[in-house]
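To start, I am sharing the structure in question, which I have written as structure tokens.
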Amino acid sequence: MSARTSLGRTIAAHAVLLTYTLIALFPVFVIVINSFKSRKAIFADPLALPMPANFDLVGYQTVLKQGDFLLYFQNSLIVTVASLFFVLLFGAMAAFALSEYRFKGNTLMGLYLALGIMIPIRLGTVAILEIMVATGLVNTLTALILVYTAQGLPLAIFILSEFMKSVSKDLKDAGRIDGLSEYRIFFTLVLPLVRPAMATVAVFTMIPIWNDLWFPLILAPAEQTKTVTLGAQVFIGQFVTNWNAVLAALSLAIVPVLVLYLIFSRQLIRGITAGAVK
Amino acid sequence: MGALELKGVTKSFGKTDVIKGVDLIVNDGEFCVFVGPSGCGKSTLLRMIAGLEDTTGGDILLDGKRMNDVAPAKRELAMVFQTYALYPHLTVRDNMGLALKQAGVSRAEIRAATDKAAAMLALEPLMERRPAELSGGQRQRVAIGRAIVRTPKLFLFDEPLSNLDAALRVATRIEIAKLHRELKATMIYVTHDQVEAMTLADRIVVLRAGKVEQVGSPMELYNNPANTFVAGFIGSPQMNFLDAASMGYPPGRIGIRPEHLTISRESGDLKAEVSHVEKLGGETLVYACHPDHGLLTVRLFGEHDFAVSETVYLTLQRDRMFQFDPAGKRR
């Protein structure tokens, strides 16, 4: 089979992928175009592109005026980046310990940590809230960071320990013989080699945290700790919803996470295709 | 300087005993090869000497000092790995100098040491490259260079040639032998390849299932194997084993190397049928099938024409014949 004869197959594959891309991007597209339109235009023709006739920045103006959206963005970023940092750091360290060292209860510990993938952390919301109240962490970003770190660790450890096992044992041993500490071996030899896996974990961890409404609503609903997702809810009322503002807020919320995603995506692609292409 | 002593060393992983009591003394400046089939514990033993695996029982002494609980970096040894294990983020020079840098040696001294090692291994043009830009043979030379730079008391080689192709393997083997002559350092070398063992070693330690079967110089093992395992493992092609009783000897087995069997078309001890012939140019290997003893290998020098299914007669050189008891021990 030469490359030429499989041209038809290539076209078919691309057609499927393009269709999927269109379906996946369509809601996002609708949100973004409508955020630039007047309220009347949104309801009159939701699929129309923003034209001079229906162009209206009222949504963005509302968002920037009402509430402190800059603060909400800052809160979301702090929570996401800090949680991401801790998930990657602790996840990688735990994965290294589980894959590298032989100790009693190693397998059991691995299974225990993997359990977290199967049991949603939200089941423990009441207990978490009680703990946060008892420790006085309610309405702090720390509370969110702690919960998200716990939420992200199981998957991170599961994925990373598989990758860590594939790092050459000889390389680590060479480091030991050359007098590198276990920490140097971990940070300078092993981590760079599992970078694609780290990026994969980063993306999978980051997006649910950024989009989460549940924990901010329960643990940190105060004005100064609101995240973007929670902040956008003020425009959704029981009787009246300010669609312009909601759409504008959501459009803005896409930007930071998109930037983070682009940073990781180059590594991510290498992570997903690792092994596929030598 | 650098003699190694193992006293009743054992190692268990959980309930499995991998090393079942090894006693061994490696003399100063000796090239000692651990050889054995895969899974015999030779690499584990090497890793225990390096300190990468802890010892379940017994003592490891370097220079008369007990090393069991000393960290690998403090044992003053260097190791060359099968997979080279070069640090991918460092240049060749930094790879070679890292151990000295960790030990707090001055920059100028590191530079001098790496330059010297590079000159020995002809690595000078590669010093600023990264491992990814090197070929397999070059990488292994860098790994060897990294070991030399440390001027260790003991060199450990863990199957360093297994990942190289045949031609490079021979070249690197010669290089290691030359290095040993120049450095006069104590070296321990692990391999499953008996040719490497025979060509490099001052002394060979044959291991099987975590136990030492025999220790001796290559020629001692070849000419005086202690049991059927050593007899079969050392020498290529493998020694022929014949049923002793059917030849009028006490029960057990008779061992005869392929080069010590003579073949004739007219007469001899054993009548057999040629089942396969391998012509290598310099030598010819004839595989002959005998009804009692099975397939026997005959090694002839030069070119010979034997046809498959031809009837031949084999004769044993009596003075080169080994007798083993039913348990496999040399009689």
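Any read-out appearing in this document is the output of simple, stated calculations on the displayed coordinates, not a laboratory observation. Treat the numbers as computed from the prediction; the structure is a model and nothing was measured. Glycine also receives a Cβ, built like all others from the backbone with ideal geometry; neighbour counts cover every protein chain displayed.
Among all the lysines, which ones have a C-alpha under 19 Å from B:Lys211's C-alpha, if same-chain residues fewer than 8 places away are not counted?
B:Lys7, B:Lys11, B:Lys15, B:Lys20, B:Lys42, B:Lys329
Also: Measure off 7 Å from each Cα along the Cα-to-Cβ vector at B:Ala177 and A:Leu213, then give the distance between these two points in nanometres to one decimal.
7.7 nm
Which order results if A:Val240, B:Val22 are arranged by neighbouring Cβ count within 10 Å, fewest first?
A:Val240, B:Val22
Now for a different question. What does the convex hull of the Cα atoms of segment B:4-230 come to per residue, in Å³, rounded to a whole number? Don't skip to the answer; put the middle values down first.
Values: hull volume 28.5 nm³, N = 227.
Per-residue hull volume (Cα only) is 126 Å³.
To continue, here is another question. Between B:Ser267 and B:Cys289, what is the label-to-label distance in nm when each label sits 7 Å out along the Cα-to-Cβ direction?
About 2.8 nm separates the two model spin labels.
Averaging over all projection directions, find the projected area of the Cα convex hull of chain A and quote it in nm² with one decimal place. Mind showing how you got there, number by number?
Details: hull surface 85.6 nm².
Orientation-averaged projected area of the Cα hull: 21.4 nm².
Return the single residue from A:Val203, A:Val246, A:Val167 with maximal mean-square fluctuation; model: Gaussian network over chain A, springs between Cα atoms under 10 Å.
It is A:Val167.
For peptide B:85-95, what's the mean number of Cβ atoms from other chains within 10 Å of each residue's Cβ? Please list the in-between numbers first.
Details: counts 11, 3, 8, 5, 4, 2, 0, 0, 0, 0, 2.
Per-residue shielding by partner chains comes out at 3.
Sticking with this structure for a sec: Beta carbons within 10 angstrom, averaged per residue: use that to sort the peptides B:49-61, B:102-114, A:71-83, highest first. Kindly include the intermediate steps, with their values, before the conclusion.
Details: B:49-61: 18.2, B:102-114: 13.8, A:71-83: 20.1.
Highest to lowest by the protection proxy: A:71-83, B:49-61, B:102-114.
Between segment B:1-50 and segment A:246-264, how far is it from one alpha carbon centroid to the other, in angstrom?
After rounding, the separation between the Cα centres reads 59 Å.
What do you get when you divide the Cα radius of gyration of the protein assembly as shown by 2.2 N^0.38 Å, with N the number of residues?
Dividing the Cα radius of gyration by 2.2 N^0.38 Å gives 1.39.
List the aspartates and glutamates whose Cα lies under 18 Å from the Cα of B:Lys101, skipping any in the same chain that are fewer than 8 positions away.
Correct list for B:Lys101: A:Asp173, A:Asp178, A:Glu182, B:Glu76, B:Glu109, B:Asp115, B:Glu128.
Related question: Given a cut-off of under 8 Å on Cα pairs at least six residues apart, what relative contact order in percent is computed for segment B:238-324? Don't skip to the answer; put the middle values down first.
Values: 198 pairs, mean separation 31.5, N = 87.
RCO, segment B:238-324: 36 percent.
Could I ask something else about it? Can you put A:Trp243, A:Trp214 in order, fewest other beta carbons within 10 Å first? If you can, show how the numbers build up before the last one.
Working: A:Trp243 18, A:Trp214 13.
By the 10 Å Cβ count, ascending: A:Trp214, A:Trp243.
Oh, and also: Let me know the Kirkwood hydrodynamic radius for segment B:38-134, please, with Cα pairs as the basis and the value in Å to one decimal. Walk me through the intermediate numbers first.
Details: mean 1/r = 0.0644 Å⁻¹.
That comes to 15.5 Å for segment B:38-134.
Using the alpha-carbon centroid of each, what span in Å lies between segment B:174-228 and segment A:47-89?
About 71 Å separates the Cα centre of segment B:174-228 from the one of segment A:47-89.
Using Cα pairs closer than 8 Å and at least 6 residues apart in sequence, work out the relative contact order for chain A, in percent.
Details: 274 pairs, mean separation 78.1, N = 278.
Relative contact order here is 28 percent.
Take A:Glu130 and A:Val16, extend 7 Å from each Cα along the Cα→Cβ direction, and tell me the distance between the two endpoints in nm.
Modelled inter-label distance: 5.0 nm.
Count of lysine pairs in segment A:61-273 with Cα atoms under 22 Å apart, counting only pairs 8 or more residues apart in sequence or on different chains?
Details: A:Lys65/A:Lys226; A:Lys104/A:Lys165; A:Lys104/A:Lys169; A:Lys104/A:Lys172.
Counting lysine pairs in segment A:61-273 gives 4.
Arranged by the count of other C-beta atoms within 10 angstrom, fewest first, what order do B:Met187, A:Met164 take? Don't skip to the answer; put the middle values down first.
Working: B:Met187 27, A:Met164 23.
Final ranking by Cβ density, sparse to dense: A:Met164, B:Met187.
Name the lysines eligible as straight-distance cross-link partners of B:Lys279: C-alpha to C-alpha under 19 Å, and not fewer than 8 places from it in the same chain.
Hits, sequence-local ones excluded: zero.
Partner chain Cβ atoms within 10 Å, averaged over the residues of A:179-189 - can you pull that number for me?
For peptide A:179-189, the averaged partner shielding equals 3.
Now for a different question. For segment A:1-56, what log10 I(q)/I(0) values come out of the Debye formula at q = 0.14, 0.28 1/Å, with one point per alpha carbon and no solvent?
Debye intensities relative to I(0), on a log10 scale: -0.53, -0.99.
Under the Kirkwood approximation applied to all pairs of distinct alpha-carbon atoms, what is the hydrodynamic radius of segment A:44-194 in Å? Before the final figure, lay out each step's value.
Values: mean 1/r = 0.0521 Å⁻¹.
In segment A:44-194 this quantity evaluates to 19.2 Å.
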